[in-house]
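Single-structure report; data block below.
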Amino acid sequence: MVSIIAVCKGSYADRAGILPGDKLVSVNGNTINDVLDYRFYIMDKRLNIVISREDIELSFDIVKPEYDDIGLEFATYLMDEKKRCRNNCIFCFIDQNPMGMRETIYFKDDDERLSFLMGNYVTLTNLKESDIERIIKMRISPVNISVHTTDPELRVMMMRNRYAGDCLRYIEMLDKGGISINAQLVLCKGINDGEYLKKSLSDLLSLQNIESIALVPCGLTAHRAGLYDLEPFDKETASEVIRIADAAGEKSLRERGMRLVYASDEFYLLSETEIPSGDYYEGYPQLENGVGMIRSDSDEFYECLANLPDLEYNRRVSIATGYAAYDFIKGLASAANEKFQKLSVNVFPIRNDFFGGSVTVSGLVTGGDIIAQLRGRDLGDELLIPENMLRAEGDMFLDNVTLESLSTELSVPVRVVARGGFELCEAMTGMLCEL
């Protein structure tokens with residue numbers, strides 16, 4: 001049973017007589033254990049809701065339009081606790097965090113419900129066959145899966161979970177059940193790349209309902225004492241990953257009419273290879289995995305820039321970013337500076353002393369590093385930072401530095417820029433694009 005903490009005033013549940021403090025037992029005879037059960041079973045037009053009130057079960061009938069919510073609120077979004085990851089992956093980034101961060105940073109989730117609701121990737125090791133059957137029954141699609149390798153023994157070794165190989169069969173069950181799959185392979189140099197990667201791509205592309213496959217390099221920080229010995233990808237090995245991805249993608253393109261396989265932008269930066277055109281990414285299905293983000297943002301930025309009116313006032317701004325994106329952002333800033341003579345944009349690459357210099361992505365830049373490296377500089381009218389530097393609530397960096405303290409320490413207003421080329425162009429120039 002799940003406790004109801006609030007009932008929206010005037011809702012179907014309120015009019016039916018359901019009260020805060022009641023416990024939800026079932027909907028149309030189906031036991032409710034979590035948000036997936038709840039959302040699936042309340043979609044019907046006619047509902048019989050059974051609740052427990054002071055250990056007495058009461059029944060309420062509700063008639064409503066199909067898909068309408070009934071107005072119940074619960075203590076947590078999932079209606080129970082997040083599932084903790086059972087794996088001990090050799091590449092786990094959370095294990096590489098320094099000590100002293102806030103407690104939530106160290107929590108490892110591996111919850112299939114967050115895959116459906118928030119787009120998270122899950123390993124399937126927390127699931128049973130009955131969970132897979134529920135997904136198929138509810139037609140919840142797509143499922144985002146952290147596959148890493150389709151070789152059972154290697155998957156067990158990489159994830160250090162004896163069930164990691166066996167649960168690969170769940171992927172086939174989902175595929176046969178008509179559930180679409182987005183796959184992610186976190187690659188470790190010399191371990192699941194090369195021939196293992198070729199086999200994994202071949203296996204995944206044999207699925208009827210595979211929608212996309214992203215290849216992402218494992219992130220390595222300076223805090224790896226006692227952890228599995230891993231090496232970062234270099235220019236040569238990153239180039240090989242791209243060659244394998246392109247070969248598999250071209251084969252899929254010939255046979256299925258879609259590429260489906262993409263290496264993340266980081267591999268292109270490491271290999272010093274030109275980022276493909278927008279058409280290559282087929283609608284950017286893995287944008288949140290850093291696949292095609294540079295191309296998408298670039299195309300949007302230049303389209304926005306071309307359609308902005310003349311800048312009528314002097315504007316000076318600064319941008320803080322990671323080293324990986326520095327050249328790209330610097331190029332965009334130069335284009336904006338060239339078009340608008342009254343605009344001055346300075347881009348500052350922030351060295352990641354918190355996690356170690358090998359970590360170069362902007363999403364792991366901390367407030368403390370920005371302060372240490374930009375204090376005393378003339379940052380102009382505003383400092384722009386990307387929203388991925390902040391936690392989900394949008395108010396704090398990984399090292400607990402707040403936006404307010406960043407602004408105070410640097411004596412400049414700080415603007416958080418949402419992801420996207422349009423958003424960056426508008427923030428740089430202070431103008432709105434009418435496209």
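The values are calculated or read from the model by the stated rules, or taken from the named source; none is laboratory data. Just so we're clear, the structure is a prediction, and the values are computed from it rather than from any experiment. Cβ coordinates were reconstructed from backbone atoms using ideal geometry, including for glycine residues, and neighbour counts include every protein chain displayed. Surface areas here come from the heavy atoms of the whole protein model, side chains and all, with no ligands, DNA or RNA. Shrake-Rupley method; radii C 1.70, N 1.55, O 1.52, S 1.80 Å.
Quick notes on this one:
- Each residue in the stretch 65-119 was checked for being within 21 Å of the chain's Cα centre (by Cα), in a loop (DSSP other than H, G, I, E, B) and at pLDDT below 65, and 10 of them qualify.
- Scanning the stretch 374-403 for residues that are over 28 Å from the mean Cα position of the chain (by Cα) and open to solvent by less than 50 Å² (accessible area, probe 1.4 Å) turns up 374, 379, 380.
- Among the residues making up the stretch 284-314, those that are closer than 28 Å to residue 184 by Cα and either of a type in the set (Asp, Glu) or open to solvent by 70 Å² or more (accessible area, probe 1.4 Å) (or both) are 288, 297, 299, 300.
- The stretch 378-399 residues that are closer than 19 Å to residue 423 by Cβ, paired with ones that are assigned to a loop (DSSP other than H, G, I, E, B) (beta carbon under 6 Å, 6 or more apart): 382/413; 383/412; 387/418; 389/365
- Members of the stretch 15-38 that are buried (at least 16 other Cβ atoms within 10 Å of the Cβ) and either modelled with pLDDT of 85 or more or closer than 14 Å to residue 53 by Cβ (or both): 16, 18, 22, 23, 24, 25, 26, 27
- Residue in the stretch 238-246 that is in contact (Cβ under 8 Å) with a residue 24 or more places away in the chain, open to solvent by 10 Å² or more (accessible area, probe 1.4 Å) and assigned to a loop (DSSP other than H, G, I, E, B) present: no
- Per the listing 393, 338, the residue uniquely farther than 24 Å from residue 224 by Cβ and either touching a helix residue (DSSP H, G or I) at 6+ places or on another chain (Cβ under 7 Å) or in a helix (DSSP H, G or I) (or both) is 338.
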